[in-house]
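Take a look at the structure below.
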Amino acid sequence: MNTDLVVRTFIEYFQERGHRLITGSSLLPPPGDPVLFTTSGMHPLTPFLEGKPHPLGRRLVNVQRCLRTTDLDEVGDDTHLTVFEMLGSWSLGDYGGPQSLDWGYDLLVDGFGIDPGRLHATVFGGDDQLGPDTESLRLWQERGVPVELTREENWWSNGPTGPCGPDSEIFVWTGDTPPQSTPTQDDRWVEVWNHVLMRYRRHEDGSLHPLPHVSVDTGLGLERLTTLLQGKRSVYECDLFEPWMRTVPPLWHLDDVSLRVVCDHLRSSVAVLGDGVLPSNTGRGYVLRRLTRRTLTTLWRADPSRTLQDLPLELLEHTVDHFHQDVDVRTVRERLLDEERRFTHLLERGRRVLAGPRFTGTLTDADYSYLHDTHGLPRDLVTSLRTDFASGSGS
C-alpha cells in the first residue's frame, strides 16, 4: 500500500461516515496563531474547535503538512521528520471520543489490515484536577485492546493556555517478538494515531473551563503509518523517500544517520521555500536557514568540496509535486545555492575572526554576544568552528 493509497483509503473511510474533505493548509499557520509553523492539523481549525461554526459542517477530514522544530535533534532516527503529513478527522461538537476511537480501530484493523494483536492504547488516567477518561478506557476494553493509563503523556494542549483535553493514543508494535511491555516502557511501540477530546480551555491561572461543545481532534502520522504498512523499519525506507534515498547516496557518500538528516533537511527546506518562506536571521526564515546550514555542515564534515549544485532538479520537483505547491523549482534551487554561498562566506569570516588572540581561551557570554552582533556568527556556529580548530581542521 503506497502513500497515495493510504491517503485515499483514510479520506474515503471518513467521507463514507459523513465527513467533508477540507483542503490542507500550507506550513504557515493562520493569522494570530503564535507558532512559526503549523505543527498539527488542528492549527487551522482552532476557531472551530472553540465553538465557531465551520461552513462545511461538524464532521471534517483532511491531510495537513506540518513542521516541528522541537524534534530537530531526533531527525535521523527511525520515526522523526522535520516536515511531515498528518491525516486528520474532526468532530466539531458532533460525535464523542468513543465513536472516534471505534472508527479508528476499525480503519486500522479492517481498512489497513493491521493485526489487532499488535495494538496498544494509552488513556488519560486522571490528575489533581480531573478524573480518568473512563469512556475511552471502556471502549478499548470492549475491543480487547490492552490499555496503559498515564497522566501528562495523555493530556493534549497547544501551550500553557488555550484549548486542551485528555487524549487516547494508539500504538503499533514493531518488534520481532511478541510484545511483553507497554508503550511507555518500550520504544518498539510506535505511536500512529492520537484522538484528543477537546473539552476545556486552560486559562493563565491554570484553571480549566469547559468549551461550548466537546470536539474530537485526531491526527495520524502518514509517513509512520505507511512505513508500518509497507513492513519497513524506518520512515526513510517508505515509498515517499524512495527517490531521495536512491539519488543522494551516489552523489555524496554518507553514513546512515547523516544520509537521513541530509534527505530530511533538504526535502524540508524545499517544502518551506515552496510555501513562500525566504531565508533570514529571524522567525520562519531562520528555521529555513538553520535547516540549510545543518545540511551543509553535515555534507562538508567529510568533504568541503561538496555542493548543492549537484542536487538534481527531479528531487525538488518530486517534493513540490507531492505537496501540490505552485512554485518554480529552478527558483527554489537558486535560493538553496544562494544560502550555500552565504554560508560559505560566513564560515570564512568566522574562521578569520576566531583565529584572533581574543578568542583563544574560554569564551564568555559577552564574547558570544559580540561575535553575533558584530560579525553575524551565531553561538552554535562559533562552537562548531572552535571544535574544528581544536581538531586541527580549521587551520
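Once C-alpha pairs closer than 8 Å and six or more residues apart are averaged by separation and normalised to the residue number of region 35-134, the relative contact order reads 23 percent. Multiplying the residue separation of Thr69 and Asp205 by 0.36 nm and removing their Cα-Cα distance gives an extension gain of 46.2 nm. In the chain, the calculated helix contribution to ellipticity at 222 nm averages -12000 deg cm²/dmol per residue, counting -39,500 (n - 2.57) for every DSSP H run with n ≥ 4. Given 0.36 nm per residue, what is the gain on full extension from Glu135 to Asp186 after removing their alpha carbon distance, in nm? In short, 15.8 nm is gained. Placing R0 at 22 angstrom, the Cβ-Cβ distance between Arg341 and Ser369 gives a FRET efficiency of 0.25 after rounding to 0.05.
May I ask you to list the trypsin sites (Lys or Arg not before Pro) in region 266-312 that are in a DSSP loop and have at most 11 other Cβ atoms within 10 Å of their Cβ?
Numbers: sites: Arg267, Arg284, Arg289, Arg290, Arg293, Arg294, Arg301, Arg306; in loops: Arg301, Arg306.
Those that pass, being in a loop and sparsely packed, number zero.
Across region 157-163, computed HN-Hα scalar couplings (Karplus, 6.51 cos²θ - 1.76 cosθ + 1.60, θ = phi - 60°) run 8, 9, x, x, 10, x, x Hz from first to last residue, x flagging Gly and Pro. Over the chain, the hull volume per residue, using the convex hull of the C-alpha atoms, is 168 Å³. Normalising the average separation of contacting C-alpha pairs (under 8 angstrom, six or more residues apart) by the number of residues puts the relative contact order of the chain at 13 percent.
Magnitude of the charge dipole for region 262-331, about its Cα centre and with charges confined to Cβ atoms of Lys, Arg (+1) and Asp, Glu (-1), is about 540 debye.
Using 0.36 nm per residue, how much length does the chain from Thr362 to Leu21 gain when fully extended, once their Cα-Cα distance is taken away?
On the way: separation 341, 0.36 × 341 = 122.76 nm, distance 5.72 nm.
Gain on stretching Thr362 to Leu21: 117.0 nm.
For region 1-98, the dipole from Cβ point charges (+1 on Lys and Arg, -1 on Asp and Glu) about the Cα centre works out to 600 debye, to the nearest 20. Between Asp255 and Val35, the FRET efficiency from the beta-carbon distance, with R0 = 45 Å, is close to 0.85. Placing pseudo-labels 7 Å out from each Cα toward the beta carbon at Lys232 and Thr9 gives an inter-label distance of 1.5 nm.
I'd like the projected area of region 302-393, averaged over all directions, using the convex hull of its alpha carbons. Report it in nm² with one decimal.
The number I arrive at for region 302-393 is 7.9 nm².
With the charge dipole of the chain set up from +1 on Lys and Arg Cβ and -1 on Asp and Glu Cβ about the Cα centre, the Cα lying farthest toward the positive end among the listed residues Leu377, Gly125, Val147 is that of Leu377.
Largest GNM mean-square fluctuation among Arg342, Arg260, Arg68, using the chain with Cα springs under 10 Å: Arg342. Computed over protein heavy atoms with a 1.4 Å probe, the accessible surface of the chain works out to 46 Å² per residue.
Couplings for region 172-182, taken from phi via the Karplus curve 6.51 cos²θ - 1.76 cosθ + 1.60 with θ = phi - 60°, read 10, 6, 10, x, 7, 10, x, x, 10, 9, 10 Hz in order; Gly and Pro are left as x.
The values are calculated or read from the model by the stated rules, or taken from the named source; none is laboratory data. As the structure is a computational prediction, the values presented were derived from the model and not from experiment. In this analysis, Cβ positions are derived from the backbone assuming ideal geometry, glycine residues included, and neighbour counts consider all displayed protein chains. Accessible surface areas use protein heavy atoms only, side chains included; no ligands, DNA or RNA. Shrake-Rupley method; radii C 1.70, N 1.55, O 1.52, S 1.80 Å.
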